[in-house]
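Engineer: Just dropping this structure here.
The values are calculated or read from the model by the stated rules, or taken from the named source; none is laboratory data. Source: prediction; values computed, not measured. As a convention, Cβ positions derive from the backbone with ideal geometry for all residues, glycine included, and neighbour counts pool all protein chains shown. Note: areas computed on protein heavy atoms with side chains; ligands, DNA, RNA excluded. Shrake-Rupley method; radii C 1.70, N 1.55, O 1.52, S 1.80 Å.
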Amino acid sequence: MAIFNQAGGVAKTTLAMNLGYHLGKLKQRVLMIDMDPQASLTLFCGLEPFDLTQTIYESLVLEQPAPIQSLSDLKFELIPSNINLSGAEIELVNADLRDFRLRDAIAPLENQYDFIIIDCPPSLGILSYISLVAATHILVPIATQYKAWMGTELLLRTVKRIQGKANKELKLAGFVPTLFAKANSQDCRALNAISEQLSLIAPIFPALPRSTAFADAVEEHLPLALYQPKHPAVAPLTQLANYCLKKL
């Protein structure tokens, strides 16, 4: 599953980490892949990207076996990233079968996991493209703000283009409204628009609230359910994980 939105700041990596944890809590074997050169997921998990000598970069560009980090406390395993991955954008331009580099890198691992979750970079570049080519499903976090809502059309065009040729099996798992502030009237209008219009395309999951608790949990390198188990956002995350387990 690729977690993708070309816009930044939509809580994409936060969603990825927390979904991975909740699926692991449901006894699923989960592998997370950090495909962002900014290495936010790697950092969120408590690893120091600059100290890593083996990352997803070596798998994509040098075609080496994927380096898997075990994170038992988080209930998933991780293929990390660091700034070296930014060079892959250029190095893969003329690479043989570049569209399938990620798909081929994870193919030997597929039978070892129930879910492989790809945290895509916030762009429409080659790293996002090969992530969507490798995925069977795409989960889209979308901030409940007018600007984010207006950018959805471009995202859907990208998905349709990939479905047309490179990955005809790619399916939309659904949309996750994020950063929702109930007291903000624009957020409410955006959430209504998302619910009314995008529900015709794929499921709309319960909104994740805007909360400093997510940032506080990240600072402690923990999913929200471990940092603050009674936080209201834990319930929609649990619901999302259960949906993925039963429907995907």
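Engineer: Show the residue pairs meeting these rules: Cβ distance below 6 Å; 6+ apart or different chains; first residue within the range 194-220 and more than 27 Å from Glu48 (Cα to Cα); second residue open to solvent by 40 Å² or more (accessible area, probe 1.4 Å) and at pLDDT below 95.
Structural biologist: Hits for this filter: Ile204/Ser195.
Engineer: Please determine whether any residue of the range 13-24 is assigned to a loop (DSSP other than H, G, I, E, B) and crowded, with 24+ Cβ neighbours inside 10 Å.
Structural biologist: No: the range 13-24 contains no residue that is assigned to a loop (DSSP other than H, G, I, E, B) and crowded, with 24+ Cβ neighbours inside 10 Å.
Engineer: Look at the range 105-121 and say how many of its residues are assigned to a helix (DSSP H, G or I) and touching a residue at least 24 places away in the same chain (Cβ under 8 Å).
Structural biologist: Number of matching residues: 5.
Engineer: Evaluate the range 148-158: report whether one residue or more is of a type in the set (Phe, Trp, Tyr), crowded, with 17+ Cβ neighbours inside 10 Å and modelled with pLDDT under 95.
Structural biologist: Within the range 148-158, one or more residues are of a type in the set (Phe, Trp, Tyr), crowded, with 17+ Cβ neighbours inside 10 Å and modelled with pLDDT under 95.
Engineer: Okay, moving on. Here is a check on your reading of the model: is Gly8 closer than 24 Å to Leu155 by Cα, assigned to a loop (DSSP other than H, G, I, E, B) and of a type outside the set (Ser, Thr, Tyr)?
Structural biologist: yes
Engineer: Which members of the range 81-98 meet the condition of being in contact (Cβ under 8 Å) with a residue 24 or more places away in the chain, under 30 Å from Gly46 (Cα atoms) and either open to solvent by 20 Å² or more (accessible area, probe 1.4 Å) or outside any loop (DSSP other than H, G, I, E, B) (or both)?
Structural biologist: Result: Ile83, Asn84, Leu85, Ser86, Gly87, Ala88, Glu89, Glu91.
Engineer: Of the numbered conditions (1) open to solvent by 10 Å² or more (accessible area, probe 1.4 Å); (2) assigned to a helix (DSSP H, G or I), Gln38 satisfies every one except a single condition; which is it?
Structural biologist: The number of the failed condition is (2).
Engineer: Within the range 56-67, restricting attention to residues that are in a loop (DSSP other than H, G, I, E, B) and touching a residue at least 40 places away in the same chain (Cβ under 8 Å), which residue is least open to solvent (accessible area, probe 1.4 Å)?
Structural biologist: Residue satisfying both the conditions and the ranking: Ala66.
Engineer: Criterion first (in contact with a Phe, Trp or Tyr (Cβ under 6 Å, 6 or more places away or on another chain), assigned to a helix (DSSP H, G or I), farther than 24 Å from Leu43 by Cβ and not acidic (Asp, Glu)) does Leu198 satisfy it?
Structural biologist: When the stated conditions are applied, Leu198 passes them.
Engineer: Okay, moving on. Restricting attention to the range 122-180, and to residues there that are outside any helix (DSSP H, G or I) and among the β-branched types (Val, Ile, Thr), which single residue is farthest from Leu191 (Cα to Cα)?
Structural biologist: Applying the filter and picking the extreme gives Thr136.
Engineer: Pro229 fails exactly one of the following numbered conditions: (1) outside any helix (DSSP H, G or I); (2) more than 13 Å from His22 (Cβ to Cβ). What is the number of that condition?
Structural biologist: It fails just one condition, (2).
Engineer: If you don't mind, there's one more thing I want to ask. Out of all the residues in the range 52-104, which are among the acidic types (Asp, Glu) and farther than 28 Å from Ala225 by Cα?
Structural biologist: Listed by number, the residues that qualify are Glu58, Glu63, Glu89, Glu91, Asp96, Asp99, Asp104.
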